[in-house]
1. Estimate the FRET efficiency between residue 161 and residue 77 by the formula 1/(1 + (r/R0)^6), using the beta-carbon distance for r and 41 Å for R0, to the nearest 0.05.
2. When the chain is fully extended, how far beyond the present Cα-Cα distance does residue 290 get from residue 121, taking 0.36 nm per residue of separation?
3. Would you please state which residues of the range 85-129 a label at residue 230 would reach in this model, taking the label point 7 Å out along Cα→Cβ and a backbone N cut-off of under 18 Å?
4. Determine the distance separating the Cα centre of the range 170-193 from the Cα centre of the range 50-84; give it in Å without decimals.
5. Tell me the relative contact order for the range 104-291 as a rounded percent, counting alpha carbon contacts under 8 Å between residues six or more apart.
6. Where the Cα atoms of the range 202-250 are projected onto their three principal axes, how long is each span, largest first, in whole Å?
7. Per the Kirkwood formula on distinct C-alpha pairs, the Rh of the range 59-212 is how many angstrom?
8. According to the Cα gyration tensor, what semi-axes, each the square root of 5 times an eigenvalue, does the equivalent ellipsoid of the range 104-291 have, listed from largest to smallest in whole Å?
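No lab work stands behind these numbers, since they all come straight from the coordinates. Predicted model, so just to flag it, every value in this text is computed and none were measured. Please note: Cβ atoms are built from the backbone with ideal geometry, for glycine as well, and neighbour counts cover all protein chains shown.
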């Protein structure tokens, strides 16, 4: 569904306290991303950027089970029949770019500009290694999510492997000591020994100037969840747009409030959002917020 997922939670919590009167107003200020203050649900929605739909395109009923084609006689309010995915299924969803179901992505070149050719597939050689060109539109460096406004790193698979190779893993580390625990420094296996933690990978990508920018960061868990395509098999992501994102756990920058040595991640095996010890070695997919 094309919804502000965090807002759904806020609305439900508000309902527990105030009878779910969606037209009620509140004088509690809510601050938008640009610092402007407002009140009530309208301000809450303005303060929260849009998120993607789920990618679920099948229905379920009590007798037949789940994962069924939507026939029209199943119980109402099925995920597959609401929001951007439903609009895409009947051909009425306008997109700036392309993407599975309700997703809308634009492929960017190494300079951060949209590729001239957007409708070609990522190409590989007989060994499965990347061998396309940006001129031909058969390889790209980043992807802009036209729904959320975020721009995402695209992983590589080359020989020899480079800094962004899809197989590298990193321990979670932040020298700012979030939650009273910095995590584990250089615990993973990556391009350069001694640099295999999340903080150093962010530093190295920013030093490289990926897609012409130096403001890359770890996504928070909700941003990473926004890429999950829950109606697909593993990996649970739009593989046509993110061809080298694997069925692995990917670190977010979000800590876990209940325990200082944990941090949150998203698994593209099942689209699961969970948490793990900061000394675990997981993959990383970086994001940037600015246009």
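1. It comes out at approximately 0.30.
2. Working: separation 169, 0.36 × 169 = 60.84 nm, distance 2.66 nm.
My answer for the length gained is 58.2 nm.
3. 85-89, 100-104
4. For the range 170-193 versus the range 50-84, the Cα centre distance is 40 Å.
5. Working: 437 pairs, mean separation 41.0, N = 188.
Once divided by the residue count of the range 104-291, the mean separation gives 22 percent.
6. Projected onto the principal axes, the Cα atoms of the range 202-250 cover 36, 21, 16 Å.
7. 18.8
8. In descending order the semi-axes read 26, 17, 16 Å.
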